[in-house]
Structure formats: structure tokens, C-alpha cells
Amino acid sequence: MEASSRAALLAARERLDELTRDPSGFLGKAKDRLTGQARATAAEDQLALAEELFAVARLLDAQPSLRRALTDPSGKPEERAALAQRLFGRRLSPVALDVVEFSVRQRWSRPIDLIEAATTLATEAALDAAGARGELDGVEDELFRFGRIIEGDRELSRILSDRKAPAAGKAALLDQLLSGRVSPVTELLLRNVLTTSHAGTAGVAVERLSDVASRRRGRSVARVTTAAPLTPAQERRLTDVLGRLYGRTIGLQVTVDPTVLGGLLVQVGDEVIDGSIAHRLEAARRQLAG
């Protein structure tokens, strides 16, 4: 996103945060009663809000002319908001409509950025619901585990990463894999993100969701690959070392892969620390070959 879209998304996220929090104090509650301001503070309302915002993102994706009209810089903000009211007024809840109207009042660099914004806001609302349900830790873990399943199943990864595959077919497959096995929040996130035409590689899309959930918990994620399971004591030591190295709280997501032979492969964001024996053997082979 360019600067104007980043600023627009930041403002929209702040509006979403305002609408998913209880008003502070007596005056805040009194103001809501006077103005009729709707909020989504309960978990079930936040989950429904997320579903609505994902539906808006799908509609914008399918209707290029609509997203152009809702982001037209030559139009006035109130005109774009009025258009959103006419289109969505009877389809969305008051909170979802508020978020959409607020979003289209902002200035977007490109019409397609509004799709990304709606998806981002829907994801945030879903994680609000996870927090309210006390399931944020579990959702992050389920996303991580499903990402490992995708990476380990080439055919599943191919199907979910295929931009031309019908969304309904992907949704049916995900329902079979997830229904009753994961949190409703996890299911909602995976079903909506992996069926969009902009999902890209499925494993990467799920990894991004996991990262967002981790940041919501106030920490960064270190993806650790090791030849054998780490003991709890080893995990604690590694967490402490990485926390001191990066200067922030680090959570571990550990994958066991015998091909690394020994040592650790650690990825934090875009930075990779490869201390595996396999890596050292390959480096030695290159030196001998050179």
C-alpha cells in the first residue's frame, strides 16, 4: 500500500477498535444512548461483524466498478458514504455499515486497496472475538498447525493456492477439514482468507494470519525447525535467548524435520538463523567444490 492507503487503513482500524470496545464511563454510555451509537462488544457480535466485512471484501473483489466508485478521489467523501449507505444499508448491521461508510470516506491510493482493507478489518474483528472468547492462544496454535498441514500436503496446497479454483469448492473442502475440529474463529478466518482470489500461496496466507494473531498477543513469532522435539527446558532457554537478541517477547512455533540432521533453523520475520548440521554440511561441500 502507498502512503494514503496506509493512512486510510490506520484510521479505519482505529474506528473499528472504537466500535468493538465498551464506552468508557457514565458519560460515554450516556452519549451512546443519546446518539444511538451501535457497538459490537460481545464475542458473537464481533464474529458476525467479521463475517459481514469478509462478505463486503468478496463483493468488492467481484465488482471492480463498485470499488472504483467507492474510492473515486473526484467524489466527495460524503457522496461515497451515501453510495455505501444505499448499497449496504439493508444488508449490513449498523456497526458493519458504520465501518464501511467510514472506510469509503478515506482516501485510497488504488481501488483494490479497499479489498485488502476490508479483509484486514474483518480479520481484526475475528481476533477481537477470539480475545473475548478467551481463545486467542488456541486460535494462533490452530492456524500454525493448519499451516504445517498445508506445507506437508502438496496436493492440498496446490488446490488451496489455485486462484482459478472455484471458491465454493475450496470452501466445501475446508468445511470437511475444519468443521467441529477448530474454533469458530479459526474456521471463519481460514474459510474466508483461503477462498479469495487474492490469497496467493495458501501456506503463506495462513502464516500471515498466524503472525497477526501472535502480534495481537503482543509478541513476535520464531519459527523453529529442529531434527528432534525440544524439551520444555530447551524451549525456555531458546525463548530467553531470542528475546534478548530481538529485544521483545518471542513465541516459538516448532516443527520437527529429521532432514535438518541436528541443530536449529530459526526464522523471525524475514531473518533466518540457520544453525542446522545440514546447512553446515552444505557449506562445507560448497567450499570443497570451490
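Looking only at the range 216-241, count how many residues are within 16 Å of residue 271 (Cβ to Cβ) and at pLDDT 80 or above.
Summing the residues that are within 16 Å of residue 271 (Cβ to Cβ) and at pLDDT 80 or above in the range 216-241 gives 4.
Kindly list, by first and then second residue, each pair from a residue in the range 186-198 that is outside the structural domain of residue 50 (by TED's automatic domain parsing) and over 16 Å from residue 115 (Cα atoms) to a residue that is buried (at least 24 other Cβ atoms within 10 Å of the Cβ) and of a type in the set (Gly, Ala, Ser), limited to pairs with Cβ atoms under 7 Å and residues at least 6 apart or on different chains.
That search, which allows pairs on different chains as well, returns 188/50; 188/126.
Go through (1) assigned to a helix (DSSP H, G or I); (2) crowded, with 21+ Cβ neighbours inside 10 Å one by one and return the number of the condition residue 83 breaks.
Going through the list (1) assigned to a helix (DSSP H, G or I); (2) crowded, with 21+ Cβ neighbours inside 10 Å, residue 83 breaks only (2).
Go through the range 172-195 and give me each residue that's over 17 Å from residue 47 (Cβ atoms) and of a type in the set (Ser, Thr, Tyr).
Matches in the range 172-195: 195 only.
Would you be able to tell me the number of residues in the range 68-92 that are hydroxyl-bearing (Ser, Thr, Tyr) and modelled with pLDDT of 95 or more?
Total satisfying the criteria: 1.
List every residue pair whose Cβ atoms sit under 7 Å apart, with the two residues 6 or more apart in sequence or on different chains, where the first one lies in the range 232-244 and is under 10 Å from residue 222 (Cβ atoms) and the second, anywhere, is surrounded by 14 or more Cβ atoms within 10 Å (Cβ to Cβ) and basic (Lys, Arg).
Every condition considered, no pair remains.
How many residues are aliphatic (A, V, I, L, M), closer than 19 Å to residue 122 by Cα and buried (at least 17 other Cβ atoms within 10 Å of the Cβ) when one looks only at the range 168-187?
Qualifying residue count for the region: 3.
Can you confirm whether residue 164 is crowded, with 17+ Cβ neighbours inside 10 Å and farther than 29 Å from residue 268 by Cα?
no
Within the range 253-272, can you find the residues that are among the aliphatic types (A, V, I, L, M) and buried (at least 16 other Cβ atoms within 10 Å of the Cβ)? If you could, list the steps in order and put the result at the bottom.
Step one: filter the range 253-272 for residues among the aliphatic types (A, V, I, L, M), giving 254, 256, 260-261, 264-266, 268, 272.
Of everything in the range 253-272, those that are among the aliphatic types (A, V, I, L, M) and buried (at least 16 other Cβ atoms within 10 Å of the Cβ) turn out to be 254, 260, 264, 265, 266, 268.
Output the residues belonging to the range 240-277 that are under 21 Å from residue 152 (Cβ atoms), in a strand (DSSP E or B) and hydrophobic (A, V, I, L, M, F, W, C).
Residues satisfying the conditions are 252, 254, 256, 264, 265, 266, 272.
List pairs: first in the range 158-181 and under 19 Å from residue 57 (Cα atoms), second among the hydroxyl-bearing types (Ser, Thr, Tyr), Cβ under 7 Å, 6+ apart or cross-chain?
Short answer, once both residue conditions are applied: 161/201; 163/197; 167/195; 170/195; 171/195.
Select from the range 57-69 the residues that are in a helix (DSSP H, G or I) and either over 16 Å from the mean Cα position of the chain (by Cα) or outside the structural domain of residue 100 (by TED's automatic domain parsing) (or both) and list them in ascending order.
Residues satisfying the conditions are 59, 60, 61, 62, 64, 65, 66, 67, 68, 69.
What are the residue pairs meeting all of these: first residue in the range 126-137, first residue in contact (Cβ under 8 Å) with a residue 40 or more places away in the chain, second residue among the polar types (S, T, N, Q), Cβ atoms under 6 Å, and 6 or more apart or on different chains?
128/20; 128/46; 129/46; 135/183
If we scan the range 104-119, do we find a residue that is surrounded by 17 or more Cβ atoms within 10 Å (Cβ to Cβ), assigned to a helix (DSSP H, G or I) and among the polar types (S, T, N, Q)?
Yes, the range 104-119 has at least one match.
Do you know which of the residues in the range 1-47 that are assigned to a loop (DSSP other than H, G, I, E, B) and loosely packed, with under 15 Cβ neighbours inside 10 Å is modelled with the lowest pLDDT? Can you show your working first?
Narrowing the range 1-47 to residues assigned to a loop (DSSP other than H, G, I, E, B): 1-2, 20-24, 36-42.
Now restrict to residues that are loosely packed, with under 15 Cβ neighbours inside 10 Å: 2, 21-22, 24, 36, 38, 41-42.
Values: 2: 86, 21: 88, 22: 80, 24: 65, 36: 71, 38: 85, 41: 87, 42: 92.
Among those that are assigned to a loop (DSSP other than H, G, I, E, B) and loosely packed, with under 15 Cβ neighbours inside 10 Å, it is 24.
Scan the range 120-143 for residues that are outside the structural domain of residue 16 (by TED's automatic domain parsing), more than 13 Å from residue 184 (Cβ to Cβ) and buried (at least 24 other Cβ atoms within 10 Å of the Cβ) and jot them down.
140, 143
The values are calculated or read from the model by the stated rules, or taken from the named source; none is laboratory data. What you are looking at is a predicted structure, and each value in this text was computed from that prediction instead of being measured. With ideal geometry, Cβ positions are generated from the backbone for all residues, glycine too; neighbour counts draw on all protein chains shown.
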